[in-house]
Every structure is written in C-alpha cells, then in structure tokens.
Amino acid sequence: MEGHGAAAGVERVVLLALCVAGIWSAYIYQGVLQETVSTKLFGPDGKRFEHLSFLNLAQNVVCFVWSLIMIKLWSRSSSGGAPLWSYWSPSITNTIGPSMGIEALKYISYPAQVLAKSTKMIPVMLMGTLVYGIKYTIPEYICTFLVAGGVSSFALLKTSSKTISKLAHPNAPLGYGLCFLNLAFDGFTNATQDSIKARYPKTSAWDIMLGMNLWGSIYNVIYMFGWPRGSGYEAVRFCQEHPEAAWDILMYCLCGAVGQNFIFLTISRFGSLANTTITTTRKFVSIVVSSVISGNPLSQKQWASVVMVFSGLSLQIVLKWRKLQGTKKDKKRA
C-alpha cells in the first residue's frame, strides 16, 4: 500500500511538472509571437501587420477545431451540457475584450501590457466593496496597493526610445485604457461562464471552449469580413504577401490551443489555485524573456515596478492558499 501511495505521489508530481512546462512553454512562446507580429517589419517593403484583431479570429477557429477534436476523442457523454446558444452573450465580450488587449500592443510595450492585465483583482475588489458591500482584510488591500502602485509607477516611468521606436503608434494612455477595458469585459465573460456552469453542471471545459470559440468565430468573421472593405480581407492579403507573418500567426494560435489544454488539465487535477500560481509566474517570466529576446531593456526602476506587481500577486496567492487550507480544516471538524 505504501509503495502504491509513493508511486501515485510521484505520478502526481510528474503530471504537475508537465502542466507547468506545458503552460509556460506555450504561453511564453505565444507572448514572443504576439510581440513579434505587433512590432516586426515584414518583408523587403518593411510593412507592419496592422490588423491585430485577426489574431483573435485565427485563435477562435483553431481552438474551435481543437475542442471539437478533444470532445470526439475524450468526451463520454454530451447530454446535460449547456446548449451552444447559451454562449452567445459571453462570447460578445470575449470577442471585444481580447481584441482590445491585442490592439493595445500598438500603443504600449508587451511588458507594460502584461502588467496592466495583471490588475484583474482591482476591479473585482472595487465592485465587491461598492456594489456588494464586501469587506476585505488588510493583507488583501496590501496586495491591491502593491499591484496598483507597481503598474502606476511603471506607466509613469520613461520608456526607452528603442522600445518606443518599435511601436506602431506610441500612446501610453490609450494603450493602458484598452488593457483596463479588456479586464472589464473579461470580468463579465468569466461571471457569465460561471453562471452557465452553475445552470448546467455537466458542462465540461471542452464544451465551454467549443461554444465560446464557435460564437467568437462567427462574431469575428462578421466584423472582419462582413463588408467589402473589411479588415479581414486586408489581413489575408498581407499574409499571402508575407508568408512569414502567416506562419507566426498559425504558431500563435497553436500555442493558445496547447496552453488552454494544459490549463484545463491543471484545473481539473490540481485546482484553480495551482493554475493561478503557474500562470502568474509565467507572466513574470514572459516579461524577462521579452526584455532579453526583443532587446527592449527595462530600467532598474521599471524592474522595481515589475517586482512590486508580482509581489502583490504572490501575496494574493498565499492568502488564497491559507483560506483554502482553513476551509478544508473546517470541513474535517464538521
């Protein structure tokens, strides 16, 4: 029995290591590709790929096909899950929000975008306090202060001229504004997905992925190809003229599909807290990788801001872990 338990423990550690490696490698490389597509001058004519929303359409299509394959391969029963029509409303915000996040890369650097999108807890706490009257602890407010302070100081510090020269249309207020709108739309998307899951408990992660990406594909196709001069036609033409850009976009989409696969696996086997820890550390590593590979050096003060943000996020993870342990102890006593 002891040997069996030890073997199960080793298997669990190996699986966790696989999940960490999968999430890190997929999303760090996707971040590199996202930054490349948004800043690179393609071909001998040195043209930029301006139609960044096309990345979301391509991602939707690839993830829809991926989830369809996974459901056919692994799903035992499709009865009792949420109907496809129930995803139409969260898919609207899930189409608009990520588009804003990607468009922000025209105006701010990739590290700045990652930091801005790490402030998700702030609107959640504001809404909780103002709308629902929830009272938070002092350590939770410290987390918020560290994250908000770190992002604010990073935004106010002077960005290197080398970084600014790579941006399509440098405009920090607009870039940060788009990121925060992205978070607001994400909040509605997550809340609606939770509501769907509560109404239809048998809905699997693959079902949600299928429904969200199906409607996302429909909305993006209408937006990008719904009229003769839609931006989708220009994006396709650009990819035909610059195959290197088409390859980068394809790899970007595949990274997203593989990353989602490992995220679902992590949540199902180890819980959402483990997933939050892995994805948070991944964001920090992404900033380091971006700084090294793209040659966009951050100043010492900017690094201090980055450390400040991730100190707040790390403290938030510790607080969640303690709360989870306390809940488990209460259940055992009961």
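The values are calculated or read from the model by the stated rules, or taken from the named source; none is laboratory data. What you see is a predicted model, and the numbers here were worked out from it, not measured in a lab. Don't worry about glycine lacking a Cβ; one is built from the backbone with ideal geometry, like all the others, and counts go over all protein chains shown. For the accessible areas, the whole protein counts, side chains as well, though only heavy atoms, and no ligand, DNA or RNA atoms are used. Shrake-Rupley method; radii C 1.70, N 1.55, O 1.52, S 1.80 Å.
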- Item | Cα pair distances in region 133-190, grouped into 10 Å bins until the bin that holds the longest one, percent each | 17, 35, 33, 12, 3
- What residues have an amide H closer than 5 Å to that of residue 47, excluding those fewer than 5 places away on the same chain, when H is modeled at 1.01 Å from N in the peptide plane? 42
- Going down the list 135/320; 120/320; 120/158; 120/166; 158/301; 202/320, which pairs span over 18 Å between their C-alpha atoms? 120/158; 120/166; 202/320
- Message: Bins of 20 Å, beginning at zero and ending with the bin holding the largest distance: percent of Cα pairs per bin for the chain, please.
- Response: 27, 60, 13, 0
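Please report the relative contact order for the chain, taking Cα pairs under 8 Å with a sequence separation of at least 6, and give it as a percent rounded to a whole number. Before the final figure, lay out the partial values.
Working: 376 pairs, mean separation 122.6, N = 334.
Normalised by residue count, the contact order of the chain is 37 percent.
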- On the protein heavy atoms, probe 1.4 angstrom, tell me the percent of accessible surface of the chain carried by carbon and sulfur. 67
- Under a cut-off of 13 Å between alpha-carbon atoms, report the aspartates and glutamates in cross-link reach of residue 72, not counting same-chain residues fewer than 8 places apart. 207
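Can you give the accessible area per residue of the chain, in Å², using a 1.4 Å probe? Before the final figure, lay out each step's value.
Values: 17920 Å² over 334 residues.
In whole numbers, the chain has 54 Å² accessible per residue.
Rounded to the nearest 0.05, what FRET efficiency do residue 323 and residue 301 give with R0 = 35 Å and r taken as the Cβ-Cβ distance? Could you check? Mind dumping the intermediate values first?
Details: r = 34 Å, r/R0 = 0.96.
Between residue 323 and residue 301 the formula returns 0.55.
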- Can you list the aspartates and glutamates whose alpha carbon sits under 12 Å from that of residue 40, skipping same-chain ones fewer than 8 residues off? 50, 244, 248
